[in-house]
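Worksheet for the structure shown next.
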Amino acid sequence: MDQDLARKNKKTLVSCVLAVSFMVGLSFAAVPLYDLFCRVTGYGGTTQEASVAPDEVHDRVITVRFDSSTNPELPWRFSPVQRSVDIRVGETGLAFYRAQSDSDESTMGTATFNVTPLKAGQYFVKMDCFCFTEQRLTPGESVEMPVTFFVDPAILEDENMFGVDTITLSYTFYRMEYPEAEEETTAALDNGERVN
């Protein structure tokens, strides 16, 4: 009888350990899986990426508006150079955002992005974007950063998108911290020192 109870307890313990291990594994996989889900479906206004533009340009015109914000921890002024552009579906568009550092030291930022209406995310495709990499500005530096994009012709076949004639592309810049070795190099460059 004691052996049966011990066997049941051991089986329960192993089941609990396996369940906890599975849940911990899921928690580590949740972020990459959610990111993949958003990129594939456009959920939450997540845009798509491509290396080439579509072969066909269609007559339907969509107005793309540009929006920007900056997290208060990043001492930058960040805004679109132009507020909107009209493009035809399948046509490649080019827009610029301007960032200027108000800091007395080099700062690094990264941009998050989405589009509204959220259902348009799966059809808004970026070919090149400053948001693909981190951006570094020296004290007082001002830069114009491009984004190249198109609206996927598949939007024409989605009846949920028939009434959509405006898409808003929004970016928010957040501060990033330098790795320690890069911080020392950046500080030396900011002070005009030569770095070997």
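The values are calculated or read from the model by the stated rules, or taken from the named source; none is laboratory data. Everything quoted here is computed from the prediction, not taken from an experiment. Note that each Cβ is placed from the backbone with ideal geometry, even for glycine, and that neighbours are counted across all protein chains shown.
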Among the residues of the range 78-105, the number that are farther than 19 Å from Ile155 by Cβ, out of contact with any Leu (no Cβ under 7 Å at 6 or more places or on another chain) and in contact (Cβ under 8 Å) with a residue 60 or more places away in the chain is 4
Considering the range 53-84, residues that are touching a strand residue (DSSP E or B) at 6+ places or on another chain (Cβ under 9 Å) and among the charged types (D, E, K, R), and then whichever is nearest to Gly140 (Cα to Cα), we arrive at Arg77
Counting only strands (runs of 3 or more DSSP E) entirely within the range 113-167, those with at least 2 residues that are touching a residue at least 12 places away in the same chain (Cβ under 8 Å), assigned by TED's automatic domain parsing to the domain that holds Glu91 and under 16 Å from the mean Cα position of the chain (by Cα) are 124-129, 142-151
(1) more than 18 Å from Met176 (Cα to Cα); (2) surrounded by 19 or more Cβ atoms within 10 Å (Cβ to Cβ); (3) over 20 Å from the mean Cα position of the chain (by Cα) all hold for Ser106 apart from (1)
